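This report refers to the structure that appears directly beneath it.
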Amino acid sequence: MKIEQIALYNVSIPFVFPFKFSNGELLNHTCLIIEVKSEGLTGWGECPTFDNPYYTYETINTASHILKDFLIPRIINKTINSPQEIRNLLAPIRGHNMAKSALDCAIYDLFAKKQKVSLSQFLGGIKNSIKVGVSVSLQGDISQLLNRVESYVNEGYQRVKLKIAPDWNLKPLREVRKKYPDLQLMADANSAFSLDDVALFQKMDELNLTMIEQPLAYDDLLDHRTLQSQINTPICLDESINSLHDTRMAIALKSCQVINLKVSRVGGITNSLAIHDLCEKKGIKLWCGGMLESAIGRATNLHLASLSNFVYPADISSTNRYFQEDITQTVIDLNSEDSTITVPTNSGIGIEVDENLLSKYCHHQQVFR
Ligand code: OSB
Ligand code: MG
């Protein structure tokens, strides 16, 4: 397929609640939406960087620069025979996985649409619906937290992930566990702790958490290995895994038992498939993480999560958990009876962008031909 046109949209959609984690707070979902056109078809991808480098070093502005000056020039007007080619075409640019992922995902969407199959079918997915949970941001106090968790449990979420921080850890986890003895409960530290906190994590072993996500430094594998050897709760890595190579090192070092796979963090679908297959072979279970994406990113995530080795519930929640209004006609909704979201069945990512809503939330647009 000849890549005839690529458009970049800077989008900002207000959240229904501010999203606070150990290293920052977000009031809006800022992202770049990528639209790729070829043979009368349109592929969509999302680059869910923040406007600050508090989760990864990438920001909206670095992603926009790298896309415009380095990534898009390598793709535009080229004839691509398979979406797997994109990863190699972009490989000379080091890092900047979120910028790369948006292009990669948009071109996968395009090829699935050309073959008139859903992205899940295109990738060899085996599930029609995905078990999901909800990620609960840091709260002001315990009663606010319990109210928030209660409203999510009442909506039908069967798995809850609590953000934790140096001043918000055992107490909130214990209170939620006391109120919900059987809830699938987990914690995400976003790298807020160090090996000085081993005793704290040993106490968490009493809470029957499904896993603890990224307790230690964002670029560490070694200390996570040490921590994992001293606690029973499985460690899940998020920030530390940015490539197949990181995955190989984490497995060899026994730094984790589980990986939160985010397509954007690892630079696209081709890399995600490689990590998925390696983990499946090595007995490391995955789940699909989220970046509070618009429906475009969450639809991509649903298709990816339909692969066999995504076993724990995904961080993909219904649209109303994030936004009053999204940029697509289709609203992504929780099936409350079994805490799942249905994988869209139309071709590609399977949902339509609403041009009016896109322009309502878009504050800058660039087109490349
Ligand atoms: O650490 O998983 C994370 C959101 C933004 C940045 C990092 C993380 C998160 C979440 C939200 O936990 C998951 C979601 O998209 O619902
Ligand atoms: Mg995380």
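The values are calculated or read from the model by the stated rules, or taken from the named source; none is laboratory data. What you see is a predicted model, and the numbers here were worked out from it, not measured in a lab. No Cβ is skipped: glycine too gets one built from the backbone with ideal geometry, and neighbour counts run over all protein chains shown. Quick note on the areas: whole protein, heavy atoms, side chains included, nothing else; ligands and nucleic acids left out. Shrake-Rupley method; radii C 1.70, N 1.55, O 1.52, S 1.80 Å.
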In region 284-337, residues that are free of Cβ contacts under 8 Å to residues at least 60 places away in the same chain and not hydrophobic (A, V, I, L, M, F, W, C) total 10
Log entry, pairs with first residue in region 186-203 being open to solvent by 40 Å² or more (accessible area, probe 1.4 Å), second being outside any strand (DSSP E or B), beta carbons closer than 7 Å, six or more apart or on different chains, reads 194/216; 195/223; 195/226; 195/227; 202/230; 202/231; 203/170
In the set 162, 227, 207, 221, the lone residue that is open to solvent by less than 40 Å² (accessible area, probe 1.4 Å) and either at pLDDT below 95 or within 24 Å of residue 25 (Cα to Cα) (or both) is 162
In region 350-361, anything within 15 Å of residue 46 (Cα to Cα) and open to solvent by 30 Å² or more (accessible area, probe 1.4 Å) is listed as 352, 361
Just to be sure, is residue 318 at pLDDT 95 or above, closer than 20 Å to residue 109 by Cα and hydroxyl-bearing (Ser, Thr, Tyr)?
-> no
Picking from 158, 144, 121, the residue that is within 16 Å of ligand 1 (Cβ to nearest atom) and either within 27 Å of residue 265 (Cα to Cα) or not assigned by TED's automatic domain parsing to the domain that holds residue 11 (or both) would be 158
Within region 302-316, restricting to residues that are away from ligand 2 (no atom under 14 Å from the Cβ) and under 11 Å from the mean Cα position of the chain (by Cα), the one that is farthest from residue 274 (Cα to Cα) is 302
Of the residues in region 234-255 that are more than 26 Å from residue 91 (Cβ to Cβ) and crowded, with 22+ Cβ neighbours inside 10 Å, the one that is farthest from ligand 1 (Cβ to nearest atom) is 235
(request) State whether the residues of region 290-299 include one that is within 30 Å of residue 39 (Cα to Cα), in contact with a Pro (Cβ under 9 Å, 6 or more places away or on another chain) and polar (S, T, N, Q). (result) yes
Restricting region 252-270 to residues that are away from ligand 2 (no atom under 15 Å from the Cβ) and aliphatic (A, V, I, L, M), the one nearest to residue 99 (Cα to Cα) turns out to be 269
